[in-house]
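Heads up, the thing below is written out as structure tokens.
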Amino acid sequence: MGVPVRVWPRAPANNMKDNFYLISDTNKKSLKIKSLIEKKIIHSSIKKSKAVIVIGGDGFMLNALKKFYKFNKPFYGINSGNYGFLMNKFSNNNFIKNMKSLKVIQINPLEMNVITKNNQRKKSIAINEVSVLRQSRQASSVKIFSGKKVLIKKLISDGILVSTPAGSTAYNLSVHGPILNLNSKKLAITPISPFRPRRWKGKIISDKSTIKIKNLNVNKRPISSVADNKEVRNAKIINIKINKKIKFNLLYDRYSSLHKKIKIEQIRKEVSNKV
């Protein structure tokens, strides 16, 4: 999922007048940061830009990545939300300095292919996770495959997550899933409130695997499949795999790389488990 960190081409020593495409969320904090940055860069069309600067939270960044990745530009996120796992901390005084020594992290998304109850086919990508959720008061009942191998014959639960390393500290972590190293080449399959088998904690598998989730009772126990924030309801069969053809290049300040953020969360989880 992750590739070795590399240095982004540096800006000229005393010049930050490179072309950037700047997009911002509409909240007060985002707009304030935007007004400060606009004074330091040349705003251009996305096709002519050196990189895309995204101001907002993780959700806003996920939407921007999916919307603009086809332009093959690196993305530099500036956090104006809560934690901002995919983002950088904004410093008005150090902005130019930080932009001269950026690191690039490359990640690949999950590809979700869904066949619905009515045999419609829906396709989407997910940077963090694909979540399969019960759609009614009835718990979901699913069978899970990894390739041709059956991982679990029948899982009754509120749902199931398939998470990338980059997304393993998001929803996956909140349901007690494992935190994956960015370069682990693994995916996490994590149950959400499992009822039967109650002690099944999920599985870590190779990112070369194709995961198939089959709804065992489409009519009585409907489920939805969500790629980050795009939902497909009444799913019958869900196929999930890494799409190696799509690459997202994320830019990070020298001291706030995605690798470092994941390591911090791993340590934090280990400490909390010992308490």
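The single condition among (1) in the same structural domain as residue 29 (by TED's automatic domain parsing); (2) farther than 19 Å from residue 230 by Cβ that residue 153 does not meet is (1). Going through region 203-218 one residue at a time, which ones are within 16 Å of residue 118 (Cβ to Cβ) and either free of Cβ contacts under 8 Å to residues at least 24 places away in the same chain or crowded, with 18+ Cβ neighbours inside 10 Å (or both)? 215 - this is the single residue of region 203-218 that is within 16 Å of residue 118 (Cβ to Cβ) and either free of Cβ contacts under 8 Å to residues at least 24 places away in the same chain or crowded, with 18+ Cβ neighbours inside 10 Å (or both). Before we move on, is residue 104 buried (at least 23 other Cβ atoms within 10 Å of the Cβ) and either more than 13 Å from the chain's Cα centre (by Cα) or without any contact (Cβ under 8 Å) to a residue 60 or more places away in the chain (or both)? Taking the combined requirement at face value, the residue does not satisfy it. On the given criteria, is residue 81 small (Gly, Ala, Ser) and touching a residue at least 60 places away in the same chain (Cβ under 8 Å)? In short, no. In contact with a Leu (Cβ under 9 Å, 6 or more places away or on another chain), under 24 Å from residue 163 (Cα atoms) and of a type in the set (A, V, I, L, M, F, W, C): is that true of residue 85 in this structure? Yes, satisfied. Scanning region 169-202 for residues that are farther than 17 Å from residue 145 by Cα, in contact with a Pro (Cβ under 7 Å, 6 or more places away or on another chain) and either crowded, with 18+ Cβ neighbours inside 10 Å or not polar (S, T, N, Q) (or both) yields 180, 182, 184. Residues satisfying the criterion are present in region 188-201 (criterion: on the phi > 0 side of the Ramachandran plot and either in contact with a Cys (Cβ under 7 Å, 6 or more places away or on another chain) or in a loop (DSSP other than H, G, I, E, B) (or both)).
The values are calculated or read from the model by the stated rules, or taken from the named source; none is laboratory data. Note that the coordinates shown come from a computational prediction; the quantities given were computed from them, not determined experimentally. Heads up, the Cβs are rebuilt from the backbone with ideal geometry, glycines too, and the neighbour counts pull from every protein chain shown.
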